[in-house]
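The values are calculated or read from the model by the stated rules, or taken from the named source; none is laboratory data. Predicted, not measured: the structure shown is a model, and the values here were computed from it. Note that we place each Cβ from the backbone using ideal geometry, even for glycine, and neighbour counts take in every protein chain shown.
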Amino acid sequence: MKDAALVSRLRADLLAWYDGHGRDLPWRKGARDPYRVWLSEVMLQQTTTAHAAPYYARFLELWPTVADLAAADDGAVMAQWAGLGYYARARRLLECARAVVRDHGGRFPDREDALLKLPGFGPYTAAAVAAIAFDHPANVVDGNIERVMTRLYAIATPLPAGRSEVRQASAQWVMAQRAGDWPQALMDLANQVCRPKSPLCLLCPLNAACVAFRAGDPDRYPAKLAKAPKPRRHGVVFVVTDGVSVIVERREGKGLLGGMLGLPHSDWQAEGGEVAVKHMFDLTYQTFGAYEHVFTHFALTQEVWLARVSVDDFSDVLRRHNAYQALPLAEVKALPTVFAKALKSLLSLDLAAG
DNA sequence: TACCCGTGGCT
DNA sequence: TAGCCAAGGGT
């Protein structure tokens, strides 16, 4: 632990740094609306600010309030989330919006413990919304703040086992004054100065208290457990089109890409496994090259099989297979990237021809 | 706890 | 190129 007077002084220094050097992010504009704070926090989970920003703008345009989002069509929300990844976030986003309307009169609760009970709220998001939207002195700990704290205190215990030490360290800096600015100041410091690699320690307003800096090895922190190697899988995706639309299905369940539209595909088999390719819908396919897509826990090599059919045959497929629907080629953006890539690989072709 | 769950940019 | 990394949550 550090001396309380030192913490208090350096905290003021970092807030001053934040006032001059903090990032100008879309969700920081205007008054702090709990809905906007929450929406941004969910989108930013494991996602870069640059990737999330256009999605944030689009969601606010379509659904300006939590009540608007609660009333939205599930498929429309999933389609707007396509490409952002971690699709369970979108499912829980809707669940949460509806819970806020149903159980809280359309207003987010301001207490951290009440927020924690809402779908998609974990320890980080509950603390972040309590702090940023309601200015409560919550102990906000995310990957950025973990990095700053493990360096400040030279916490060598590898994560995630070291999380309790990190929380204790972080708690020492939490105060009522500018409670909402504080975690954002830490995150901006982590992003611009206390970077994962080659941190700019000489520019850091906290360096006087940083044990890792004094020891000359900030890159050691945070220590992390070795990751399991990523297996490789392979499969075949089927593109069935009449030149205007493609055949897609709504993916069931809560697993990979659950709730999203997807192209029909074979099993995704581990290396050495035989891919059971049946000729989907009893159609004849041309084969194209394969493309690569990397998920969180496996890498996929996928062959593209294309069937260009007449308008009548296309309708016939839809009539005979209830689980499938047509997606206009102009709406490819409604698909997760792993499937959008398959269509992109055919973009040089004129699908309407032949 | 360990694992599941996307994507894109950077090195 | 392969690996790392980014405002985590659920089970």
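Per-structure values
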item: Filtered residues of region A:93-147 (kept if near DNA strand C (Cβ under 8 Å from one of its atoms) and on the phi > 0 side of the Ramachandran plot); result: A:120
item: Any hit, region A:206-222, residues being polar (S, T, N, Q), under 29 Å from the mean Cα position of the chain (by Cα) and in a helix (DSSP H, G or I); result: no
item: Given (1) touching a strand residue (DSSP E or B) at 6+ places or on another chain (Cβ under 8 Å); (2) away from DNA strand C (no atom under 12 Å from the Cβ); (3) not in a helix (DSSP H, G or I), number of the condition residue A:157 does not satisfy; result: (1)
item: Among (1) closer than 21 Å to residue A:252 by Cβ; (2) without any contact (Cβ under 8 Å) to a residue 60 or more places away in the chain; (3) within 16 Å of DNA strand C (Cβ to nearest atom) - the single one residue A:85 does not satisfy; result: (2)
item: Residue tally, condition of a type in the set (Gly, Ala, Ser), closer than 16 Å to residue A:305 by Cα and either modelled with pLDDT of 95 or more or within 16 Å of DNA strand B (Cβ to nearest atom) (or both), over region A:317-354; result: 3
item: Filter result (loosely packed, with under 15 Cβ neighbours inside 10 Å and outside any loop (DSSP other than H, G, I, E, B)) within region A:39-59; result: A:50, A:51, A:54, A:57, A:58
item: Cross-chain or 6+ apart pairs with Cβ under 6 Å, region A:97-119 first and farther than 18 Å from residue A:64 by Cα, then more than 14 Å from DNA strand C (Cβ to nearest atom) and not charged (D, E, K, R); result: A:110/A:134; A:115/A:109
item: Tally, over region A:273-290, of residues that are in contact with a Leu (Cβ under 9 Å, 6 or more places away or on another chain) and outside any loop (DSSP other than H, G, I, E, B); result: 3
item: Among the candidates A:314, A:288, residue that is in contact with a strand residue (DSSP E or B) (Cβ under 9 Å, 6 or more places away or on another chain), at pLDDT 95 or above, farther than 23 Å from residue A:55 by Cβ and not assigned by TED's automatic domain parsing to the domain that holds residue A:76; result: A:314
item: Filter pass, residue A:100 being part of a loop (DSSP other than H, G, I, E, B) and either modelled with pLDDT under 95 or more than 12 Å from DNA strand B (Cβ to nearest atom) (or both); result: no
item: Residue among A:225, A:261 that is closer than 22 Å to residue A:337 by Cβ, touching a residue at least 24 places away in the same chain (Cβ under 8 Å) and of a type outside the set (D, E, K, R); result: A:261
